[in-house]
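Take a look at the structure below.
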Amino acid sequence: MKVIKRDGRAVDFDKQKIAIAIGKANEEVSKKERANKEDIKEITEYIESLGKKRMLVEDIQDIIEQKLMELNKYDLAKKYIVYRYTRALVRKQNTTDESILGLIRNENKELEEENSNKNTCLASTQRDYIAGEVSRDLTRRLLLPEKITKADQEGVLHFHDADYFIQPIFNCCLINIEDMLDNGTVMNGKMIESPKSFQVACTVTTQIIAAVASNQYGGQSVDMIHLGKYVRKSYNKFKEKLEEKYKGKVSDDVIEEMVQDRLKAEVSAGVQTIQYQINTLMTTNGQSPFVTLFLHLDPNDEYIKENAMIIEEILTQRYQGIKNEKGVYVTPAFPKLIYVLDECNNLTGGEYDYLTRLAVKCSAKRMYPDYISAKKMKENYEGNIFSPMGCRSFLSPWKDENGNYKFEGRFNQGVVSINLPQVGIVADGDEEKFWKELDERLELCKEALMCRHYALLGTKSDISPIHWQYGAIARLEKGETIDKLLKGGYSTLSLGYIGVYETTKLVKGVSHTTKEGHDFAIKLMKKLRDTTKKWKEETGLGFALYGTPAESLCYKFARIDKERFGTIEDVTDKGYYTNSYHVDVREKIDAFEKLKFESEFQNLSTGGAISYIEVPNMSNNLEALESVVKFIYDNIQYAEFNTKSDYCHECGFDGEIIINDNNEWECPNCGNKNHSKLTVVRRTCGYLGENFWNVGKTKEIKARVTHL
């Protein structure tokens, strides 16, 4: 049996600790009131006889008190309660020693695996994690109501980002980059004026990104459409200088050609600045900025041609990749790219279809960009097109005092996610009980989200001038509170959810892809959506339903439930729960059916939703991917490809792994033959692995993946 400590750690059950604790209390009472060895043995055997795989330490202590009372050891029980209270006071002084020392010694595996973008060996990252451990500890012991802390430990819900909760900072945002570039900003007390060229605009943008990332804990998004005007400024500057020097000496066509050459070079250099700055800067939280670039061609934009140049260069450079320390081109983790499919580039003969084909080529090799359908998004968000925040959550439509929609310069206050399958497990097939239990747990989620809101109330703009005073979010006065931006739906509070598929299996006995399961799942989604609407009406705050892509949470909830409730077929036996509304990977469904099916759930999960299909390396079959992209435009708001190919984990090589003369797999770049560090994909056997969605009918598209 595992005992869950108050700090969330799981340790082996040790009955000797019970004997020690009762022994301490024994010393405080008369001999006739003491518990003897047989009494203690009876108590420990009773706890063991419960047959639980996982128990909270508080529950064990409750049982000890109860058993002492049953043994008529009332004075002893009282002393044990006092002993327990005294120990609690000691714990309140400090419970972080071991976790912090384990981090410094590189022995804290939980933190090491928590965030793949943070290297726990680095001093800067360790400093952030140390602060995070202190925050997590204080959050559990002092800042959150005990019932919420307990619910988090039991897997009822997940209180996201407790490692930052002690500070009055928020989750993620859409930077108002237009305001900051057009009107200037201030960083580190220094005025940054509006750029006069594209190259400078790119440099300033990366400086803003780094400053913003250092003062919040979630992702950020930048709409690149606002940089088009700076390409025009560079064009005008080059043309003016060249005409001044060569007018009348060479033809206008030659001057224009020279201008275009310089402009292309500047666009290339500017985009390279963004890509390399983002990947080489280290923010104060010990990682590269978690940033998304939103690539949107608005047919009504006067700078659409300039923006097409920017997007083309971004995709070209992403396709090439960035060299790692061994000189091999690899896919950078950031910036994430989102490409918008609109009337002018949806592969039906539009002027900018060439960009979409480049995007598809890039997706085949580098996984990015993701795709948003302008057509479907307008249907869901009152005719608007805007980027999700860095964490893929979406803002609800909001209008300013002039009746204009506003998305940039808004943010998310925080996230709490509910474990839906656990509700189904507790209901044990009783649907009426399921809905009652769900209501109770949703109220707990609301209380946890309100803790997020209350923690930010009263925060002064001085806490992060780049956000609150100099344009990233607002331009408040020094000393002014941010309260007005927390209310009225300007910012959001997100209710995340995990495991619609497993919940449907538990309550209805079938997948949500069946007719009966689908009807239940839609009813469940509407219940969650309507609940967030009710909360918004009750509080005046911007609650939203968020289909979080929190992969680690899918494993956490499944692990806790397996330990608490045992192995349940097709639920806890897999080791994970499905993300939000997603179809389980073992379902027999092709890519088009999957996207069409999940689109109905995206329409209900307007606070955040993404669907994905996993495919092998499609570099030699781009037509198949293009057909999926066309389908995305007409059928679903937001989707991405998870592309797999041969990969060497030693050097980052992602070409084809060869079979050498000794019939061994070998990386042709570094010679690595360590099979644990090679992933091999082959597209010739006609086998469709369970982790892949079939995106076509030909054998070349199918794949077998072997992690050797």
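The values are calculated or read from the model by the stated rules, or taken from the named source; none is laboratory data. Just so it is clear, the model here is predicted, and its values are computed rather than measured. As a convention, Cβ positions derive from the backbone with ideal geometry for all residues, glycine included, and neighbour counts pool all protein chains shown. We work out accessible area using only protein heavy atoms, side chains counted, and drop any ligands, DNA or RNA first. Shrake-Rupley method; radii C 1.70, N 1.55, O 1.52, S 1.80 Å.
Could you figure out which of (1) open to solvent by 30 Å² or more (accessible area, probe 1.4 Å); (2) of a type in the set (A, V, I, L, M, F, W, C); (3) in contact (Cβ under 8 Å) with a residue 12 or more places away in the chain isn't true of residue 175?
(1)
Condition check: within 29 Å of residue 166 (Cα to Cα) and under 23 Å from the mean Cα position of the chain (by Cα). Does residue 448 satisfy that?
yes
Report the residue count in the stretch 359-390 for those that are in contact with a Phe, Trp or Tyr (Cβ under 8 Å, 6 or more places away or on another chain), of a type outside the set (Val, Ile, Thr) and not in a helix (DSSP H, G or I).
Adding up the residues that qualify gives 13.
Condition check ((1) of a type in the set (Lys, Arg); (2) in contact with a Ser or Thr (Cβ under 6 Å, 6 or more places away or on another chain)) across all residues:
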site	(1), (2)
262	yes, no
276	no, no
289	no, yes
302	no, no
317	no, no
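Name the residue that is surrounded by the fewest Cβ atoms within 10 Å (Cβ to Cβ), counting only residues in the stretch 317-333 that are among the polar types (S, T, N, Q) and assigned to a loop (DSSP other than H, G, I, E, B). I'd like the intermediate steps shown before the answer.
Kept after step one, since they are among the polar types (S, T, N, Q), are these residues of the stretch 317-333: 317, 320, 324, 331.
Narrowing the set further to residues that are assigned to a loop (DSSP other than H, G, I, E, B) leaves 324, 331.
Details: 324: 14, 331: 18.
My answer is 324.
Residues being aliphatic (A, V, I, L, M) and in contact with a Leu (Cβ under 8 Å, 6 or more places away or on another chain): count how many of those fall in the stretch 163-176.
2
Matching residues to (1) open to solvent by less than 30 Å² (accessible area, probe 1.4 Å); (2) under 19 Å from residue 208 (Cβ atoms); (3) in contact (Cβ under 8 Å) with a residue 60 or more places away in the chain:
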{"site": "240", "(1), (2), (3)": "no, no, no"}
{"site": "248", "(1), (2), (3)": "no, no, no"}
{"site": "258", "(1), (2), (3)": "no, no, no"}
{"site": "262", "(1), (2), (3)": "no, no, no"}
{"site": "265", "(1), (2), (3)": "no, no, no"}
{"site": "269", "(1), (2), (3)": "no, yes, yes"}
{"site": "287", "(1), (2), (3)": "yes, yes, yes"}
{"site": "294", "(1), (2), (3)": "yes, yes, yes"}
{"site": "300", "(1), (2), (3)": "no, no, no"}
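The rows are residues; the columns are (1) open to solvent by 50 Å² or more (accessible area, probe 1.4 Å); (2) aliphatic (A, V, I, L, M).
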| residue | (1), (2) |
| --- | --- |
| 191 | yes, yes |
| 200 | yes, yes |
| 224 | no, yes |
| 243 | yes, no |
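Restricting to the stretch 363-378, what's the tally of residues that are open to solvent by 40 Å² or more (accessible area, probe 1.4 Å) and in contact (Cβ under 8 Å) with a residue 40 or more places away in the chain?
Total satisfying the criteria: 3.
Select from the stretch 555-611 the residues that are of a type in the set (Phe, Trp, Tyr) and in contact with a His (Cβ under 9 Å, 6 or more places away or on another chain) and write down the one among them that is farthest from residue 518 (Cα to Cα).
Filtering first and then ranking leaves 557.
Need a quick list: strands (runs of 3 or more DSSP E) entirely within the stretch 179-228 having at least 1 residues that are in contact (Cβ under 8 Å) with a residue 60 or more places away in the chain and of a type in the set (D, E, K, R).
Passing ranges, in order: 220-223.
Say whether the condition of being closer than 19 Å to residue 495 by Cα and either open to solvent by less than 10 Å² (accessible area, probe 1.4 Å) or not small (Gly, Ala, Ser) (or both) is met by at least one residue in the stretch 398-405.
Just the residues of the stretch 398-405 that are closer than 19 Å to residue 495 by Cα, to begin with: 398.
Still in the running and either open to solvent by less than 10 Å² (accessible area, probe 1.4 Å) or not small (Gly, Ala, Ser) (or both): 398.
So far as the stretch 398-405 goes, yes, one or more of its residues are closer than 19 Å to residue 495 by Cα and either open to solvent by less than 10 Å² (accessible area, probe 1.4 Å) or not small (Gly, Ala, Ser) (or both).
I need a count of the residues in the stretch 334-349 that are open to solvent by less than 30 Å² (accessible area, probe 1.4 Å) and either out of contact with any Pro (no Cβ under 9 Å at 6 or more places or on another chain) or among the charged types (D, E, K, R) (or both).
Qualifying residue count for the region: 6.
Answer with yes or no whether residue 318 is among the basic types (Lys, Arg) and touching a Cys at 6+ places or on another chain (Cβ under 7 Å).
So residue 318 fits the description; yes.
Exactly one condition in (1) under 27 Å from residue 575 (Cα atoms); (2) open to solvent by 50 Å² or more (accessible area, probe 1.4 Å) is false for residue 529; which is it?
Among (1) under 27 Å from residue 575 (Cα atoms); (2) open to solvent by 50 Å² or more (accessible area, probe 1.4 Å), the lone unmet condition for residue 529 is (1).
Considering only residues of the stretch 271-285 that are at pLDDT below 90 and polar (S, T, N, Q), which is surrounded by the fewest Cβ atoms within 10 Å (Cβ to Cβ)?
Per the stated criteria, the residue is 280.
Evaluate the stretch 583-601: report whether one residue or more is basic (Lys, Arg), within 25 Å of the chain's Cα centre (by Cα), over 30 Å from residue 159 (Cβ atoms) and open to solvent by less than 50 Å² (accessible area, probe 1.4 Å).
Yes, the stretch 583-601 contains at least one residue that is basic (Lys, Arg), within 25 Å of the chain's Cα centre (by Cα), over 30 Å from residue 159 (Cβ atoms) and open to solvent by less than 50 Å² (accessible area, probe 1.4 Å).
I'm checking my understanding of the structure. Among residues of the stretch 602-613 that are in contact with a helix residue (DSSP H, G or I) (Cβ under 6 Å, 6 or more places away or on another chain) and under 18 Å from residue 642 (Cα atoms), which one is surrounded by the most Cβ atoms within 10 Å (Cβ to Cβ)?
609
If residue 580 satisfies every condition in (1) of a type in the set (S, T, N, Q); (2) open to solvent by 10 Å² or more (accessible area, probe 1.4 Å); (3) under 29 Å from residue 156 (Cβ atoms) but one, which is the exception?
Status for residue 580: all satisfied but (2).
Tell me whether the stretch 37-51 contains one or more residues that are modelled with pLDDT under 85 and not polar (S, T, N, Q).
The answer is no, given that none of the residues of the stretch 37-51 is modelled with pLDDT under 85 and not polar (S, T, N, Q).
In the stretch 511-556, which residues are small (Gly, Ala, Ser) and touching a residue at least 60 places away in the same chain (Cβ under 8 Å)?
Of everything in the stretch 511-556, those that are small (Gly, Ala, Ser) and touching a residue at least 60 places away in the same chain (Cβ under 8 Å) turn out to be 511, 521, 542, 544, 547, 550, 552.
Can you pull out the helices (runs of 4 or more DSSP H) entirely within the stretch 12-82 that have at least 1 residues that are open to solvent by 80 Å² or more (accessible area, probe 1.4 Å) and in contact with a Lys or Arg (Cβ under 8 Å, 6 or more places away or on another chain)?
37-49
Could you look through the stretch 508-518, keep only residues that are part of a helix (DSSP H, G or I) and under 28 Å from the mean Cα position of the chain (by Cα), and pick out the one that is surrounded by the fewest Cβ atoms within 10 Å (Cβ to Cβ)?
518
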